[in-house]
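Worksheet for the structure shown next.
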Amino acid sequence: MDTTQRPVTVIGLGNLGRALAETLLRNGHPTTVWNRSPARAEPLAAGGATVAATAAEAIAAGELVLVALLDPPAVREVLAGAAQAVRGRALVNLTSGGPEHARELAGWAARHGAQYLHAAVYAVPQTIGTAQSSINYSGSAAVHERWRDQLAVLGRGTFVGADAGRASVHDVAILAGMYGMLGGFLHAAAMAKAEGISAAELTPMLVSWLGDAFPALSTFAEEIDRADYTTDESNLAINQAGLATIIHASRSLGVPADTLVPLKELIDKQVAAGHGAASLTRVVESLRKGT
Ligand SMILES: NC(=O)c1ccc[n+]([C@@H]2O[C@H](COP(=O)([O-])OP(=O)(O)OC[C@H]3O[C@@H](n4cnc5c(N)ncnc54)[C@H](OP(=O)(O)O)[C@@H]3O)[C@@H](O)[C@H]2O)c1
């Protein structure tokens, strides 16, 4: 069977939903769209999309239903209003939310006779459908398998498990890592600027240093998974002293050390508990158990 002929629906035509619909249409998939504000559907109609008058009508038209709305409450509201239409549908929810939202929706879908796949999108609308787009999925493996061709045009897909919340756990954890790095970058830029060094001058050196440091994360990950924090290299006591120096320097430059102090406090806690010779990675114990 020519799988490009199976009907697909996109619910929500904001920046992401519009990019999803455009990509599906470009790849020859018959696509029905719906958006709360109808004007957003007009350019897609010109591109060959069928525009539905209601969310229920749109869901009834597509065997695969991609949902890209602002947030979980909006998804809940729209799906609740179209509950009669979801039976037999494969719902793929690309709306950002926590794992609890994904699990709640998976349960709701099951109670209404639909299959549920949660999607965490690592792309911006401009890169949907290109090699720069990747999407993690969790929930129904059957949906991921059956709609492989349609999902593949959106970006590189990885199925991370049957628990609907799992892709979201990956997502929020990865974003937490990203924001930690961005916090560090912003702090570094503020310290440099305080001494008349431009961010543009500093950044290539910082990027090079971080690039050299990234491979160590795989070694750190193994330590964390084994919960074996023995090290003869970067131990907690050394990092405690190093971070104290940086915090002192930052303050002396007039830059408050707000982004650095929380990590220092976690290290202090570990050292105070007698783990100064252990690897820096032991901080994960404080984050997980508060000890
Ligand atoms: N954009 C990205 O790069 C990106 C990347 C990864 C993940 N995401 C996630 O994808 C989701 C959508 O992002 P976006 O960039 O497309 O957002 P957006 O441009 O702000 O669009 C939001 C969409 O949600 C609709 N909406 C909001 N509240 C609603 C409600 N109560 N009932 C019905 N529709 C409602 C809006 O409809 P109206 O047009 O009527 O307002 C619009 O279609 C978000 O959860 C976002 O975090 C986005």
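The values are calculated or read from the model by the stated rules, or taken from the named source; none is laboratory data. If you're wondering where the values come from, they're calculated on a predicted model, not measured in any experiment. Cβ: placed from backbone, ideal geometry, glycine included. Neighbour counts: every protein chain shown. Note: areas computed on protein heavy atoms with side chains; ligands, DNA, RNA excluded. Shrake-Rupley method; radii C 1.70, N 1.55, O 1.52, S 1.80 Å.
Computed over the stretch 99-226, the range of Cα coordinates on each principal axis works out to 62, 38, 24 Å, biggest value leading. A dipole drawn for the stretch 73-181 from +1 and -1 charges on Cβ atoms has a positive end, and of 105, 173, 95 the residue lying farthest that way is 105. The long axis of helix 166-194 is offset from the longest Cα principal axis of the chain by roughly 50 degrees. If R0 equals 25 Å, the separation of the Cβ atoms of residue 272 and residue 199 corresponds to a calculated FRET efficiency of about 0.10. Anyone know which of 178, 191, 205 comes out most mobile in the 10 Å Cα GNM of the chain? In this elastic network of the chain, the residue with the biggest mean-square fluctuation among 178, 191, 205 is 205.
Taken about its Cα centre, the chain carries a charge dipole of about 780 debye when Lys and Arg each add +1 at the Cβ and Asp and Glu each add -1 at the Cβ. Beta bridges from DSSP with both residues in the chain: antiparallel share about 25 percent, rounded to the nearest 5. For the stretch 3-169, with all protein chains in place and a probe radius of 1.4 Å, 52% of the accessible heavy-atom surface sits on carbon or sulfur. Rounded to the nearest angstrom and listed largest first, the equivalent-ellipsoid semi-axes of the chain from its Cα gyration tensor are 45, 22, 17. Near residue 136, once Lys and Arg are set to +1 and Asp and Glu to -1 for all other residues with Cβ below 12 Å from its Cβ, the sum equals +1. Ordering 284, 117, 75 by Cα displacement along the dipole of the chain toward the positive end leaves 75 in first place; charges were set at the Cβ atoms of Lys, Arg (+1) and Asp, Glu (-1). Rounded to the nearest 500, the helix-only mean residue ellipticity at 222 nm of the chain stands at -15500 deg cm²/dmol, with each DSSP H run of n ≥ 4 adding -39,500 (n - 2.57).
The long axis of helix 199-213 is offset from the longest Cα principal axis of the chain by roughly 90 degrees. Share of the stretch 197-291's accessible area from carbon and sulfur, percent, 1.4 Å? Roughly 62 percent of what the probe reaches on the stretch 197-291 is carbon or sulfur. The longest stretch of the chain left intact once loop-based GluC sites (Glu not before Pro) with at most 16 other Cβ atoms within 10 Å are removed from consideration, loops following DSSP, is 64-194. Pairs of C-alpha atoms in the stretch 1-112 farther apart than 22 Å represent 25 percent of all such pairs.
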